[in-house]
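J.: Please find one structure pasted underneath; my questions will follow.
The values are calculated or read from the model by the stated rules, or taken from the named source; none is laboratory data. It should be emphasised that the depicted structure is a prediction, and the values quoted were computed from it without experimental measurement. Don't worry about glycine lacking a Cβ; one is built from the backbone with ideal geometry, like all the others, and counts go over all protein chains shown. Heads up: the accessible areas ignore ligands, DNA and RNA and are worked out on the full protein's heavy atoms, side chains in. Shrake-Rupley method; radii C 1.70, N 1.55, O 1.52, S 1.80 Å.
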Amino acid sequence: MQEYETNLNISSISEKYNIMVLLVDDQAMVGEAIRRALADESDINYHYCSDPHAAITIANKIKPTVILLDLVMPNISGLDLVLDYRKNDQTKNIPIIVLSTKEEPAIKSQAFANGANDYLVKLPDRMELIARVHYHSRSYINFLQKEEALRALKESQLQLVDSNTALKLLNEKLEEATKAKSAFLATMSHEIRTPMNGVLGMTALLLETRLTEEQYELIDIINTSAEWLLTIINDILDFSKIESGKLDIEYCSFSLISCIEEAFSLLTTKAYEKGIDLAYIVDENVPDNVIGDVTRIRQILVNLISNAVKFTDKGEVVLTLSIDDNNDDNQSSLAKRFNLNNENRLMLKFAVRDTGIGIPLDKQSMLFQSFTQVDSSTTRIFGGTGLGLAISKRLSELMGGTVWLESTENKGSTFYVTVAVKEVKYSKSPFNISTSPVFNDKRILIIEDSKINQHILKLALTKWGIVTDSSYAADDAINKLKSDSNINTIILDYQLTGKDNLEFASEIKKLSDSINASIILLTAKRVISSDTKIFNNLGINNFIYKPISIHALNKILLKIYNVTNSQRQQEPTKLIFEKELYKRYPLRILFADDNAINLAVGRKMLERLGYNAGIVKNGQEVIDELEKTHYDLIFMDVQMPILDGYDATKQILVKYKSKNRPIIIATTGNAMAEDKIKCLNIGMDDYISKPIKPDILQQKIIKWGSRIYI
């Protein structure tokens, strides 16, 4: 009996299914005999087709879970009909049991070759027939559950049971859906982690070299973005834990301003391309340092800001952060849940406002459902999984808060999220940062057509004792520069509406020279080396990027007014690699991976540690290499062609005694807990989840090297 093309887990499948049997046979007495054989089976429905030419049409209509097909019929061969079923999109996966009058090995072999799943001599024994119908139907239903929309299957199954058994069946289906989802997420994790290994590995190597300040900043953004993407992948893998309430919230001290700026930094390029202003405002009474789960809070902000940018074509996206004082009941429960006392608990309220397309009132309730978009056209135009808001809502609830929205169609939306944190004693407001008495006699002209950015700049500068003036338009700015010689500094929006950017900057520079004023260029586009030369020729070498960072503004003003050195080379970061580790542990290392990028990353990392590692591309090459050379340590990818890491490990364990065999460390893009357990159960000694980080690689070498060289 041919295996069906899916991994079966019959024990986990419900015993009650809507099984549909289609018999295709030109003999009516066979049809009647089969009907009687199945008549007492309440879970089996039966349909008889005597015309083989109509068989495919009927199958398309009734959607059987198994087809019984006679091999000998007038004007058409049953073997040919098997091929026809397999060519049809709607029937290509339906199990087929062929019926023959006698056991003929040649015919039987041809039937299987054409795509049949089973073979019976008619008329078959009743119990055997029922058993095979059940087996193939369950196999097919299990296959459909993995390939089709799980929600639709659950709904169709619920229609088959009465209200007394509905809850039980729903729980069973949810369990199956969770298993299918976990398998899907594990596969996607592996596929994404492979290129991520190259990105993170190479940026780690590059960050250790000598870089200019601009190069370091750009590479650091790449590295940070990759780390965040990895965090997002991990968050999605944890989604099942979130649903079951098993995800733990981690607490550590962090800067709210840094968290917000990191979230925005991922989206500045997209916002610039769309001509959208990004900004954030933090209330004065919000401390900068708090204790909470910075990773989860940042993930929520990235989701909300990303959606706002995606669905906004013009205008702005603004984040505001304040203390939520109107949540006393919720805060009381939080005090018990998180052991917070009245003195140190805070309920933060983030609001992300956009000027985008808005959301109709009757669609808003759908937003926080998993894998759901407002409508299908939104999915086609804007893309997305529909998972981000569902994750954000669950995460906020785990942190003692919630998510809600206010929206008007065609005018925009505001998404609110609250989270509970602990206040750090003596934490300062974001505005209480480094200042100088020299600020007191300074006057700054702000040339910016965005009201929100004007507000943010004025608020910060006024707090530092700086007098401000502002202009929304170019002509007004020029008039003020001509009439006010007390202006010390000009903050100029490089994307000012209605002006040639470079020409206007040049004109402002000439006027600033006449009053000896410095220029700070405010821009949404990151200034690259070629642009820097152009601006330097104009005498402009100070830049602030949108969304406006109060810390960056403060740093530039201190530099301007205190005449600090603005051009210095970025020193290498702290050494990631112990470059002479090979002297402490002179191991012979073999690195196995079928992906060229992963091999390059692994080789480079090991070279930085002083090792000249062997490189192979599959498990068979591992076996062959061990025949020629003794290795102390093997980094073994588990998914490789020809011979995978699992089977290669099994062969090594059989061939080499435990004292003489190499240590085997699995390297895999599968990051689920069960993947690690599988590797260790097979006999591997350790496990690394991709992308491989330099510090983890070192730790594993030190761990096992210290055992080999005692």
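J.: Using a Förster distance of 60 Å, how high is the FRET efficiency between Leu502 and Glu625, based on the Cβ-Cβ distance and rounded to 0.05?
T.: 0.50
J.: From the Cα gyration tensor of region 621-710, with a ≥ b ≥ c the square roots of its eigenvalues, which class applies: rounded if a/c is under 1.5, or else prolate if a/b is larger than b/c, or else oblate?
T.: oblate
J.: Per-residue counts of other Cβ atoms within 10 Å, averaged by peptide: what ranking do you get for 586-593, 682-689, 409-416, highest first?
T.: 586-593, 682-689, 409-416
J.: Where Lys and Arg each count +1 and Asp and Glu each count -1, what net charge lies around Val24 among other residues with Cβ under 10 Å from its Cβ?
T.: -4
J.: Along the Cα→Cβ direction, 7 angstrom out, place labels at Ile249 and His551. What is the inter-label distance in nm?
T.: 2.4 nm
J.: Taking R0 as 56 Å, what's the FRET efficiency between Lys703 and Ile323 from their Cβ-Cβ distance, rounded to 0.05?
T.: After rounding to 0.05, the efficiency reads 0.75.
J.: Follow-up. Any idea how far apart Glu104 and Asn536 come out in nm if each label point goes 7 Å out from Cα toward Cβ?
T.: 8.7 nm
J.: Give the residue list of trypsin sites (Lys or Arg not before Pro) in region 618-673 that are DSSP loop and have at most 13 other beta-carbon atoms within 10 angstrom.
T.: When the trypsin sites (Lys or Arg not before Pro) of region 618-673 are filtered for loop state and at most 13 Cβ neighbours within 10 Å, Lys657, Lys659 remain.
J.: Gain in length, Leu218 to Leu206, computed as 0.36 nm per residue apart minus the alpha-carbon separation, to one decimal in nm?
T.: Extending this stretch completely gives an extra 3.2 nm.
J.: Ignoring ligands, DNA and RNA, how do His134, His630, His53 rank by accessible area with a 1.4 Å probe, largest first?
T.: If we order His134, His630, His53 from most to least accessible, we get His53, His630, His134.
J.: Name the shape class, rounded, prolate or oblate, that the alpha-carbon gyration tensor gives for region 657-710, where a ≥ b ≥ c are the square roots of its eigenvalues, rounded holds for a/c under 1.5, and otherwise prolate holds if a/b is larger than b/c and oblate otherwise.
T.: Since a/c reaches 1.5 but b/c is at least a/b, the shape of region 657-710 is classed as oblate.
J.: Related question: Expressed as a whole number of Å, what is the distance separating the alpha-carbon centroids of region 64-135 and region 450-529?
T.: Measuring centre to centre over Cα atoms gives 80 Å.
J.: Could you order the peptides 214-220, 351-357 from most to least packed, using the average number of other C-beta atoms within 10 Å per residue?
T.: 351-357, 214-220
J.: So which of Lys270/Lys546; Lys146/Lys393; Lys363/Lys451; Lys363/Lys411; Lys63/Lys168; Lys422/Lys463 end up more than 20 Å apart, counting from Cα to Cα?
T.: Lys146/Lys393; Lys363/Lys451; Lys63/Lys168; Lys422/Lys463
J.: How many Lys pairs in region 621-701 lie less than 26 angstrom apart by Cα atoms, where the lysines are 8 or more positions apart or on different chains?
T.: Total qualifying Lys-Lys pairs in region 621-701 comes to 26.
J.: Sorted by accessible area (1.4 Å probe), largest first, how do His455, His136 line up?
T.: Descending accessible area places them as His455, His136.
J.: Just to verify a number: FRET efficiency for Asp89 and Asp283, C-beta to C-beta distance, R0 = 41 Å, to 0.05?
T.: With a Förster radius of 41 Å, E is 0.10.
J.: Another question, then. Under a plain spin-label model, where a point goes 7 Å from the Cα along Cα-to-Cβ, how far apart in nm are Asn681 and Lys510?
T.: Result: 7.8 nm between the two label points.
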